[in-house]
Amino acid sequence: MSEPCNGPGPVEERGRIRRDVPRFVIGCEEDEQDMGQMEAGMKNEMLRQDDMEVYGNESPSERQILVGICAMMKKSKSKPMTEILERLCKFDYIDVVIFPEEVILEEPVEKWPLCDCLISFHSKGFPLDKAVEYAKLRNPMLINDLNMQYFIQDRREVYRILQEEGIDLPRYGVLNRDPDNPEECNLVEGEDHVEVNGEVFPKPFVEKPVCAEDHNVYIYYPTSAGGGSQRLFRKIGSRSSVYSPESNVRKTGSYIYEEFMPTDGTDVKVYTVGPDYAHAEARKSPALDGKVERDSEGKEIRYPVMLTAMEKLVARKVCLAFKQTVCGFDLLRANGHSYVCDVNGFSFVKNSMKYYDDCAKVLGNMVMRELAPQLHIPWSIPMEAEDIPIVPTTSGTMMELRCVIAIIRHGDRTPKQKMKMEVRHPLFFELFKKYGGYKTGKLKLKKPKQLQEVLDIARLLLVELGQHNDCEIEEKKSKLEQLKTVLEMESSLNVNQYGHFSGINRKVQLTYLRNGQPKASSEEEDCKKDGPSLLLVLKWGGELTPAGRVQAEELGRAFRCMYPGGQGDFAGFPGCGLLRLHSTYRHDLKIYASDEGRVQMTAAAFAKGLLALEGELTPILVQMVKSANMNGLLDSDSDSLTDCQQKVKARLHEIMQKDQEFIQDDFQKLAPTGSPSLVNSMKVIENPVKTCDKVYALIQSLNSQIRKRLEDPKSADLQLYHSETLELMLQRWSKLERDFRMKNGRYDISKIPDIYDCIKYDSQHNASVGLEDTLELFRLSRALADIVIPQEYGINKAEKLDIAQAYCVPLMKKIYLDLQRTHEDEAVNKLHPLYSRGVMSPGRHVRTRLYFTSESHVHSLLSMFRYGGLLDEVKDQQWKQAMDYLSAVTELNYMTQIVIMLYEDNNKDPSSEERFHVELHFSPGVKGCEDEENVPLGFGFRPASSENEDKKPNQGSLEDLSQDQTDDALPVTELINLQRRSPMIRNRKTGSMEVLSETSPNHSSKGCTSHRLFQSCSRQSPEIKPAGGLELLSMPAVKRFSVSFARHPTNGFEGCSMVPSIYPLETLHNSLSLKQVEEFLSKVCESSGEAQAKTMKALSGLFDSQSQTSLYSPQQPLSSSGSEASLRPPGQPLWHGSIPSSAVSSAGPSSPTTDTSGLGLNFSFSE
């Protein structure tokens, strides 16, 4: 490997050639030049090489330095190269000669033009061998070493060099295959992993061809996320990758296998010019949805990014290790670290005037520094003042949005179903042992391979049982039949249809029972068998429906409107401020989800809407959603109820089993909080047992209707919503009929939520079947569910708090930390202030934390805010109104949201309590059937608070951050055009969360500018329903949503179903101080007593030692950068915020290890 030789050639030779070399010609004014003219000019220059005149009045001592460009014409005539060479020629002593492509390809190197300095690099078709030969012959100064370019073409060599230099790269293994003998290689492929040379790579992993010129990189996803692979390739038009259902790795060729890095959907491209200069840009990761984002000129959208000190060091190392002055490489920012995953060699930034200036300046100075002394050219290194980044500040009393925290329930799902049976067959015990069930006494089987084994055992036992006729065996037989049917049903769907995530929507749980299952009655005692058994619980259904996906995506899109901005190209499109924030790394976004499939898919669909992504949910899920299934942050083990919950359930059962009308005493017992929604439901029910009788009769009637339908040849093969059949529908309902009324004639109250769940689903999605009395069944089961569901989380205030703490203390601690961390942190990604032209107010950083979870966490968190003592209803009128509104809400439906927003007022004293301001918002989620007329009205979204009603309008509206240009309000006709583009308009109340810009008739006089998410005008009283205005925009739901589905054929959207829209956010309180909220959170967490002791053990060990990683990523060591919260000086209060607001990270988290003052908990995962 020859070193780059920098020595000049013999002086005589140089002198001789000086006359007949052209100066690189600059045509017209810089930046106005047409590319065609430029190329023609260059060509003429080359043709005129021989008859060039002697330069003006140049004396022999004023020698020119010749820089030769030896590359394929496509590269040497590219726009970036032309821009840079134009600027390079402005150096008095530098001339440029471009080697014509035909000369490079056809002439021997002896006939190539002469030069003092050579810029030469390999691309497709370039004869690198000849270039090496030329460099040996002429010995010019080399900008990029030529021999090293052989290594850059082989990814194995690139990784070897990176490793030798101590640069972080993803864990990888190399698989070398003999082309003549591809079978013989060290590769073992499993369902969810590969083993390369004995090293295991669980999915998701990346498969890269060893040849760097081959851009067909594949990413393979785990079956738990839907399987399949994303295939990346060189950009073709607007695509850079495509999703494929193929899950098996390629069987020919040599590859590098490496672990997949979860980067929050953005890649960082770094461009060095020498070891001391690096320009970095963020672009959307091609693995996310494969759609290339382009601007109005059709260029891929990229944003400059500030590199951390560590990353600058990496850039220096890469540049020196590969001996490439001009060098591009790719960085992945994941889990608080930066990893190099590719080195591309010579490459320029496209479309950045700033970079063109810098690059020419750095290269020119480098050439002059090296060659001027040798050629006796008088030149001194210029000293220049550094550019000072001036960032506009917000003026007036505008507040800056700093943090958005949302807790969101998953979207519409299929009914959850469950079957329990006790098993004793040796095959089940073998299975239990095989998968390590004896370690904990419990086992969850989710993977298709495991479920296949359960299915095989069930089939075998059914054959064995076929020979017997015994009543006890009959019951077992029917359960085994059901087990077999469910597993077969699911697996057949899996073969045909992508989107039914194997393992996500069904599971088998086995629990070891030392002495068998305790028997309920004395008759059963007689036939009880001794010895251990296994309790098999089969769970299926409960997966996100296409309607649920639409709801989540719609809400994601609407959520964008809570963020400031939308300038330039984005003006006129509400919500694009967020997209700019995110892609410029000034939006620090993390999305967490519990480990249930429906919750994860909701999170992925929401992210798709929020960040305007396209395509399948699997890649989005793997990249964007972190799994928070440790420590009950978002999961709760529903099988292990607390003592308090057991007692509450028992009391609830007792009250609901009385065969008499509710009396005053019952109202006291069941609704001690006096909640209107409960009282109304009790009035509807009157006598709980009689109502259960009615419900039971209605279920029987429903089943007989379905059986009749099945006998009718016309409707036998009727397709129901989401690929369900009438048989499956009958199975659902007949199981409820069997389970609801127990053998002793009493009703099992715990089945009420399941009945309501099923009838709600069928009323919405299967109304076309035309079953009678479904509305009556809906009305009665809803009234029962409106009592049972909320009261399972506690009947009186003390119980509600006790149960809520058991569920959501870890989440509240996390929210506390999210609010607290608004301090600066060097490790966080930020936008480079010099490049922020076109991205308004670059100082603005927003942290967003989204937590997707199930009903239990949403109920619990709301109970904490309602009963935990945040504010006193008596003293605070706004809070009293909010509490009245909440107690009138009957159901926390799918997509319920609790949103906390933190604002900073930059004009207030940094140590003042008024510096930070918190708002609390809530939406009960999806609109139910027949809901419209009796819906409680809240007070809208961010209504004007009493103290600024008489001040000027727009007070405190985050939209109006001074320098941001305001967009003119759109007339209503324009809105209707927008309506066609956007599937998210809602039938809404005045002043509620506005999704589109609007000037409604009753407000136009107040002059609200458009895109005002928050109507600054005061709200009408809640009793008056606004007339006219935007009502003309609300179209029938199906039409509205099928628009958005036209682009997603894979979603299998069935037109027969209605997709309900979502209630707008209502403000519960909009003038809390951060101090109030933090004191409240720490108080509730401290007092969590038993619940805390229970979670503490799990938590402290877990959080102290590990970083929370992405859903599927292996654990990463934490970076040692300081924590945000620990930057607070010891003597200052938690809400002290004098440091400028700039902690933004779209990829790399910091690693807080702060003790959160008395919470008794160290979180040290990536926020």
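The values are calculated or read from the model by the stated rules, or taken from the named source; none is laboratory data. It should be emphasised that the depicted structure is a prediction, and the values quoted were computed from it without experimental measurement. Because the Cβ atoms are built from the backbone with ideal geometry, glycine has one as well, and the counts that use them run over all protein chains shown. Just the protein is used for accessible areas: all its heavy atoms, side chains included, with ligands, DNA and RNA removed. Shrake-Rupley method; radii C 1.70, N 1.55, O 1.52, S 1.80 Å.
Quick notes on this one:
- Model label points for Asp748 and Val935, set 7 angstrom from Cα along the Cα-to-Cβ axis, are 3.5 nm apart.
- Alpha carbon centroid spacing (whole Å) that separates region 868-900 from region 228-267: 47 Å
- Three-way shape call for region 622-761 based on the alpha-carbon gyration tensor, with the a/c threshold at 1.5: oblate
- Förster-model FRET efficiency, 35 Å R0, Glu184 and Tyr435, C-beta, rounded to 0.05: 0.60
- Surface listing: Asp116, Asp595, Asp276 arranged by accessible area from highest to lowest gives Asp276, Asp595, Asp116, probe 1.4 Å.
- Considering only alpha-carbon pairs that sit under 8 angstrom and 6 or more positions apart, the relative contact order computed for region 168-216 is 22 percent.
- Shape of region 680-726, Cα gyration tensor, a/c cut at 1.5: prolate
- Here the relative contact order of region 703-774, from alpha carbon pairs under 8 Å that lie six or more residues apart, stands at 26 percent.
- Segment Lys136-Glu464, length gained on full extension (0.36 nm per residue, minus Cα span): 109.8 nm
- Per residue value of the accessible surface for region 80-185 (all protein chains in place, 1.4 Å probe), Å²: 42 Å²
- Peptide packing: for 82-93, 410-421, the average count of neighbouring Cβ atoms within 10 Å per residue gives the ranking 410-421, 82-93, highest mean first.
- Spacing of the modelled spin labels on Ser478 and Asp530, each 7 Å from Cα toward Cβ, amounts to 3.1 nm.
- Label-to-label distance, Lys649 versus Lys669, with points set 7 angstrom from Cα along the beta-carbon direction: 1.9 nm.
- The alpha-carbon of Lys875 sits under 21 angstrom from the alpha-carbons of these lysines, leaving out residues fewer than 8 places away in its chain: Lys797, Lys1075, Lys1083.
- Note on Lys235 and Glu614: the extension gain reaches 134.8 nm, defined as 0.36 nm multiplied by sequence separation minus the Cα-Cα distance.
- Ligands, DNA and RNA left out, the 1.4 Å accessible surface of region 235-288 is 55% carbon and sulfur atoms.
- Leu871 - accessible surface, heavy atoms, 1.4 Å probe, Å² rounded to 10: 30 Å²
- Compared with the direct C-alpha span, the chain from Glu297 to Arg171 gains 41.5 nm at full extension, assuming 0.36 nm per residue.
- For the pair region 196-227 and region 683-751, the centres of their Cα atoms are 47 angstrom apart.
- Remark: region 855-901 carries a charge dipole of roughly 80 debye about the Cα centre, counting +1 on each Lys and Arg Cβ and -1 on each Asp and Glu Cβ.
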